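S.K.: Take a look at the following structure, please.
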Amino acid sequence: MSAEYRDRWIRCEDDYIAIRGYYFPWGTERIPYDEIRGVRRIRLGCTRGKARVWGAANPRCWASLDPRRAAKYTGLVLDLGRPVRPLITPDDPDGVEACIRAHTGIAASGATPAPAPVI
């Protein structure tokens, strides 16, 4: 099994996406593609995820560990049909989004990134 996409924190495998640093202190969350109902591209801002290294003030969105998030402008929120949605900030959001959409069959929205929720 080889990764279709890999950076320090995110890895897209054949059957799932792995998010390192999702759980304290270093636990990895593996999300099978068939559990992903939607993916939303968001613009990060000062109070909207950019300053959040890990966790969240918003109980509906959980930011995985990413010490370099402050230097990034785009994130992806995964809808798993659960109350809490993971926020990931891969080095290549286009690559991860394309990988997720290819494995899930979810159509691209084509819209510009929405503002992120307060995180």
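S.K.: Please determine, by comparing only the residues of segment 89-118 that are over 13 Å from the mean Cα position of the chain (by Cα) and among the polar types (S, T, N, Q), which one is modelled with the highest pLDDT.
M.R.: Only one residue fits best here, namely Thr104.
S.K.: Also: Just one of Gly75, Gly49 is on the phi > 0 side of the Ramachandran plot and not polar (S, T, N, Q); which is it?
M.R.: Values: Gly75 fails: on the phi > 0 side of the Ramachandran plot.
Just a single option satisfies the conditions, and that option is Gly49.
S.K.: Could you please find all residues in segment 1-16 being crowded, with 19+ Cβ neighbours inside 10 Å and part of a loop (DSSP other than H, G, I, E, B)?
M.R.: The answer is Trp9, and nothing else.
S.K.: Could you pull out the residue among Asp66, Asp79, Asp14 that is of a type in the set (Asp, Glu) and out of contact with any strand residue (DSSP E or B) (no Cβ under 8 Å at 6 or more places or on another chain)?
M.R.: Working: Asp66 fails: out of contact with any strand residue (DSSP E or B) (no Cβ under 8 Å at 6 or more places or on another chain); Asp79 fails: out of contact with any strand residue (DSSP E or B) (no Cβ under 8 Å at 6 or more places or on another chain).
Criteria check complete, one pass: Asp14.
S.K.: So which residues in segment 24-49 are surrounded by 14 or more Cβ atoms within 10 Å (Cβ to Cβ) and either of a type in the set (Phe, Trp, Tyr) or over 13 Å from the mean Cα position of the chain (by Cα) (or both)? If you could, list the steps in order and put the result at the bottom.
M.R.: At the first step, the residues of segment 24-49 found to be surrounded by 14 or more Cβ atoms within 10 Å (Cβ to Cβ) are 29, 31, 33, 35-36, 38-45, 48-49.
Hits for segment 24-49 are Tyr33, Glu35, Gly45, Arg48.
S.K.: If the requirement is being under 14 Å from Pro90 (Cβ atoms), assigned to a strand (DSSP E or B) and out of contact with any Lys or Arg (no Cβ under 9 Å at 6 or more places or on another chain), which of these qualifies: Ile31, Ile19? Quick ask: steps written out before the conclusion?
M.R.: Numbers: Ile19 fails: out of contact with any Lys or Arg (no Cβ under 9 Å at 6 or more places or on another chain).
Matching residue, one of Ile31, Ile19: Ile31.
The values are calculated or read from the model by the stated rules, or taken from the named source; none is laboratory data. Since the model is a prediction, treat every value here as computed from it, not as a measurement. All Cβ positions, even for glycine, are placed from backbone atoms using ideal geometry, and neighbour counts span all protein chains on display.
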